[in-house]
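Here's the structure we're looking at; comments come further down.
Just so it is clear, none of the values below were taken in a lab; they were calculated from the coordinates. Bear in mind that the values here come from a model prediction, so they are computed numbers and not experimental data. Cβ coordinates were reconstructed from backbone atoms using ideal geometry, including for glycine residues, and neighbour counts include every protein chain displayed.
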Amino acid sequence: MGNVKKTPFYEKHVALNGKIIDYNGWLLPVQFPQGLVEEVHDTRKRATIFDVSHMGEVSVEGKDAEAYLQKILVNDVSKLKDNAIIYSPVCYPDGGVVDDILIYRINSENFFLVVNAANTDKDYEWFQENLFGDVRLQNLSPEYAQIALQGPNSKSILQELTDIDLDGMKFYRFQADVSVAGVNSIVSRTGYTGEDGFEVYCKNEGAQALWDAVWEAGEKKELRPAGLGSRDVLRLEASLPLYGHELSREITPLQAGLNRFVALDKPVPFNGQEALQKQKQEGISRKLFGLEMLERSVPREGYPVMAGDEEIGWISSGSYSPTLEKFIAMAFMDPEVAKQEEEVQVLIRKRLYRAKITKMPFYRRD
Amino acid sequence: MKYNVIEGLKYTRQHEYARPEDGAAVVGLSDYAQDKLGEIVFVELPDVGAEVEAGKSAAVIESVKAVADLYAPVDGKVTEVNEALLDQPEVINQDPYGEGWVFKVEVKDESQLEKLMDKPTYEEFIIKEEEEEE
């Protein structure tokens, strides 16, 4: 394995008998011995720890930092308060998506962006191309490790290790420069599983100590490790988009149904604004819908969706859902046809399997 | 050995087993194969009466993450399929050599069976494959 990178937690995964794969150039565990289905249940019912150090981090600082972000993001950061986070797609002028990212506002002149691992280099180039005014960009990705602690027991595990009041931290809020087991960290109430949970960022030097402390605190609370496989299923159950599947160079945020993250009428022009406004007015020919299989079969990415003889779309993500005990999928379909039909078919190895169009998210925690 | 390999069965390089039964063979996935695939959630069976060909796909086994073909170990006509798997595919994980059998085939050419791996050979084959993976 030539040019692959190891996160600071690589040895931990090996010691826990994780099955390691090359994920976009990172050696990461796809699953642990308890298996993907158990990892999903562990996350929904107790707590799991994910290594998400492959995610990229970029700092944006300077007097014009906010104005700069207003130009590159489709969401509106002007309403964002200190210690709060928003989600936003980043678009090309034609409305295609560069990446979907999180924006942490430390203060009005200092933001911390979290980007997809596979897109980090591409994003950073795009951010640089769009630079103006007093803005300093820094790619912090190589310096940062990150864990995601997810599930209902997460809070009590993490609270043992920090003095900040986690109860008082709302969803999509964070605190920077806090101590977690003596390690200087950024702690946010975020995640990619549809469950309550936290993400903790620290510099690589502190990573081992952070992991060990979380692991020890989690011992009494049934904390278990989880890998990329269950992470993908968990996010599908929660209907969270994944770049490369529900978003891409060719798929706009409106097609992916992310309208509430697209501030079309933002008072300042932003990349993709005109194209997205036009798309909104003219209507879209492909939109993301949820599907639930009515016959046992596994809907997988790329399978055609049919209404009788007519191909009306394709599956972007699909899987067995351990939580719902159903087979579910997200699919891009012609919204006109989807409006008329309750039932469609998925073409799997030359056979049609019935599916019904369902509301998303498939799973929402109580 | 971490995986259960049963004496008296024949094994393919794609990790199917064939259990010889006077003139026929019961076919399924080896314990190693079911473990590598993970939780099995869907099985597509051949039709009874279908002619299968050694080395060609005869059934489809899907786990949460992967789609895998089950290749016929020998040429022949399918005489029985394990329909219980349609509703409970996870039985393959639980009992691959017993309740988790997939189909039964009439063996045309016994020499095809003889060429498959026996227990010690298959065990070595697994060990090699595991080493290559690492």
Most fluctuating of A:165, A:121, A:51 in the GNM of chain A (C-alpha, under 10 Å) is A:165
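What list do you get for A:330, A:360, A:55, B:1 if you sort them by fewest beta carbons within 10 Å? Mind showing how you got there, number by number?
On the way: A:330 25, A:360 18, A:55 22, B:1 10.
So the residues, fewest neighbours to most, are B:1, A:360, A:55, A:330.
Between residue B:22 and residue A:79, what FRET efficiency comes out of the Förster formula 1/(1 + (r/R0)^6) with R0 = 60 Å and r the beta carbon distance, rounded to 0.05? Could you put the intermediate results ahead of the total?
On the way: r = 77 Å, r/R0 = 1.29.
Approximately 0.20, to the nearest 0.05.
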Under a cut-off of 28 Å between alpha-carbon atoms, report the lysines in cross-link reach of residue A:203, not counting same-chain residues fewer than 8 places apart. A:5, A:6, A:12, A:19, A:63, A:81, A:122, A:155, A:170, A:220, A:221
The FRET efficiency for residue A:136 and residue A:285, from their Cβ-Cβ distance with R0 = 51 Å and rounded to 0.05, is 0.80
The rounded separation in angstrom of the Cα centers of region A:147-221 and region B:75-125 is 48
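Can you compute the helix-only [θ] at 222 nm over the protein assembly as shown? Use -39500 (n - 2.57) per DSSP H run of at least 4 residues, normalise by all residues, nearest 500 deg cm²/dmol.
Values: 14 runs with 114 residues, N = 500.
Calculated at 222 nm, the ellipticity per residue is -6000 deg cm²/dmol.
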Dipole of chain A, positive end: most advanced residue of A:65, A:153, A:180 [Cβ charges, Cα centre]: A:153
Find the Rg to Rh ratio for region B:11-110, where Rh is the Kirkwood radius over alpha-carbon pairs and Rg uses the same atoms. 0.93
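Please work out the Kirkwood hydrodynamic radius for chain A, using every pair of different C-alpha atoms, and report it in angstroms with one decimal place. Walk me through the numbers before you get to the answer.
On the way: mean 1/r = 0.0468 Å⁻¹.
Hydrodynamic radius (Kirkwood, Cα pairs) of chain A is 21.4 Å.
I'd like the mean, over residues of B:52-65, of how many other protein chain beta carbons sit within 10 Å of each residue's own Cβ. Mind showing how you got there, number by number?
Values: counts 0, 0, 0, 0, 0, 1, 0, 0, 3, 0, 5, 6, 14, 12.
The per-residue average across the peptide is 3.
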Residue A:296 versus residue A:156, label points 7 Å from Cα toward the beta carbon: distance in nm? 3.7
Counting pairs of Cα atoms in region B:81-134, how many percent are more than 14 Å apart? 69
For region B:11-110, compute the number of Lys pairs whose alpha carbons are separated by less than 28 Å, excluding pairs fewer than 8 positions apart on the same chain. 10
Extension gain from residue A:165 to residue A:21, taking 0.36 nm per residue of separation minus the Cα-Cα distance: 48.2 nm
Could you please state, rounded to a whole Å, how far the C-alpha centre of region A:337-366 is from the C-alpha centre of region A:16-49? 28
Of B:120, B:20, B:46, the one that fluctuates the most in a GNM where chain B has Cα springs shorter than 10 Å: B:120
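Count the DSSP beta bridges whose two residues both fall in the protein assembly as shown, then state the antiparallel fraction as a percent rounded to the nearest 5. Please report the intermediate quantities before stating the final value.
Numbers: 110 of 116 bridges.
Once the DSSP bridges in the protein assembly as shown are tallied, antiparallel ones form about 95 percent.
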Based on the mean of other Cβ atoms within 10 Å per residue, sort peptides A:36-44, A:270-278 so the most packed one is first. A:36-44, A:270-278
Using label points projected 7 Å from each Cα along Cα→Cβ, tell me how many nm separate residue A:209 and residue B:113, to one decimal. 6.6
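Determine how many Å³ per residue the convex hull of the Cα atoms of region A:310-366 encloses. Before the final figure, lay out each step's value.
On the way: hull volume 5.6 nm³, N = 57.
Roughly 98 Å³ of hull volume per residue.
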Most fluctuating of B:102, B:81, B:67 in the GNM of chain B (C-alpha, under 10 Å) is B:67
